[in-house]
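The values are calculated or read from the model by the stated rules, or taken from the named source; none is laboratory data. Predicted, not measured: the structure shown is a model, and the values here were computed from it. Glycine also receives a Cβ, built like all others from the backbone with ideal geometry; neighbour counts cover every protein chain displayed.
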Amino acid sequence: MTPLVALRLLLAIAYPLLAHWASTDGGGTVALLALADLALIVLLAPLARPRAWAWLLLAALLAGLWVVRDSPVPALLLLAPPMVFTALLAWWFGRSLGGGRVPLISRIVSGLEGCEPAALRPDLKAYTRRLTLLWSLLLAGLALANGVLALVAVPDGLLVRMGHPPLVTVPQEAWSWFANLLNYGIVGGFFIGEYVYRKRRFPDRPYRDFPDFLRRMAGLGPAFWRTLFD
């Protein structure tokens, strides 16, 4: 693992913890830290090259956040990432199911198998296509749930801030537990559960166990993962 990847991983782990803290009792300063952490995650690669525009953009973002640190803006901004990121991931998985494209999981499995997606066994090809659809549906469901909870949360939900108190409400803390923490548990649980099922359904996989599976996934390398965004 390169230092840049390790730093991004640490920032990614820190973000939901900071966001949850800010959304419950941390206040504007912690919200500022959470949003700055998110900006670093997004801009880390061009910052490391380094690219002048990335440093200027980061400075502008941090200055803007500092100006509004004592306003409701940071709390409102924290409502968006859980919904936006899960929606983008759902779209990413779903897009690969379109005509002329290879399902995302099929491409990953073919990388692990060391073959082209078209060379996968028919049953494995069908399974990876269905799994891609399941991931898209799961993430879309999480995005929808995050969005609805962000609308009806009190006291900092979107409808309350717009002056339209919802008929049904949830505490801000409940929204944060779901959006900033439980989301990751659901995704991680599905990932592990699918691995257990797959090992029984296809016992002849090239990896020995779960750690070996993760090592092989990481071993595909940055260049491979970048191709999945084409």
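Okay, here's what the table says:
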read-out: Hits in the stretch 157-183 - residues which are hydrophobic (A, V, I, L, M, F, W, C), touching a residue at least 12 places away in the same chain (Cβ under 8 Å) and either surrounded by fewer than 14 Cβ atoms within 10 Å (Cβ to Cβ) or assigned to a helix (DSSP H, G or I) (or both); value: L158, V168, A174, W175, W177, F178, A179, L181
read-out: Residue match in the stretch 105-114 (condition: under 30 Å from V148 (Cβ atoms) and modelled with pLDDT of 95 or more); value: yes
read-out: Pair list, Cβ under 7 Å, 6 or more apart: the stretch 67-87 residue touching a residue at least 12 places away in the same chain (Cβ under 8 Å), other residue of a type in the set (K, R) and assigned to a helix (DSSP H, G or I); value: P72/R161; L76/R161
read-out: Pairs with Cβ under 6 Å, 6+ apart, first in the stretch 202-230 and in the same structural domain as L124 (by TED's automatic domain parsing), second outside any loop (DSSP other than H, G, I, E, B) and at pLDDT below 85; value: none
read-out: Options A48, A75, A52, A59; residue that is among the small types (G, A, S) and touching an Asp or Glu at 6+ places or on another chain (Cβ under 8 Å); value: A75
read-out: When residues of the stretch 29-88 are limited to those that are β-branched (V, I, T) and outside the structural domain of L138 (by TED's automatic domain parsing), the one surrounded by the fewest Cβ atoms within 10 Å (Cβ to Cβ); value: V67
read-out: Single unsatisfied condition, Y127 versus (1) assigned to a helix (DSSP H, G or I); (2) over 17 Å from the mean Cα position of the chain (by Cα); (3) over 22 Å from I192 (Cα atoms); value: (3)
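This table checks each residue for (1) surrounded by fewer than 14 Cβ atoms within 10 Å (Cβ to Cβ); (2) in a helix (DSSP H, G or I); (3) at pLDDT 90 or above; (4) of a type in the set (S, T, Y).
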| position | (1), (2), (3), (4) |
| --- | --- |
| G185 | yes, yes, yes, no |
| E194 | no, yes, yes, no |
| Y197 | yes, yes, yes, yes |
| L214 | yes, yes, yes, no |
